[in-house]
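Structure record follows, encoded as structure tokens.
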Amino acid sequence: MVKTNMSITINYCPICGYKEFTPFDSKGYPTYDICPCCSFEAGNEYDHRSSSDDFERLRNIWVQDMKAEWWKKPAPKNWDYKKQISEMNKK
Ligand SMILES: [Zn+2]
């Protein structure tokens, strides 16, 4: 079995950093869940073989082309995408 380069147990979206999201299951495979924040689907737009460059590329699409908008509107109160991303990068 191939080990992923993502930490297997991340419990946030690797694209936007949304915390109530599990992109990979306990074996490290994509859950095929769609992030309610950025709308990217684990296993479709990215998977356990994706590199941090891949995540960054998708993040740039979300921020620049999609204006970093909350997909399942309305966005939570006082939500700030920059803060959400910066909290993800602290890990
Ligand atoms: Zn997301």
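Bear in mind these aren't lab numbers, they're just calculated from the coordinates by the rules spelled out. The structure displayed is predicted, hence computed values, not measured ones. Cβ sites come from the backbone with ideal geometry, for glycine too, and all protein chains shown count toward neighbours.
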* To do: Just give me a number: lysine pairs in the stretch 7-82, eight or more positions apart or cross-chain, with C-alpha atoms less than 24 Å apart.
  => 10
* 10 Å binning of all Cα-Cα separations within the chain, expressed as whole percents from 0 upward -> 18, 54, 25, 3, 0
* **K67-N44 pseudo-label distance in nm [points 7 Å out on the Cα-to-Cβ vector]** => 2.2 nm
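Between I10 and Y32, what is 0.36 nm times their sequence separation minus the Cα-Cα distance? Round to one decimal in nm.
Extending this stretch completely gives an extra 6.5 nm.
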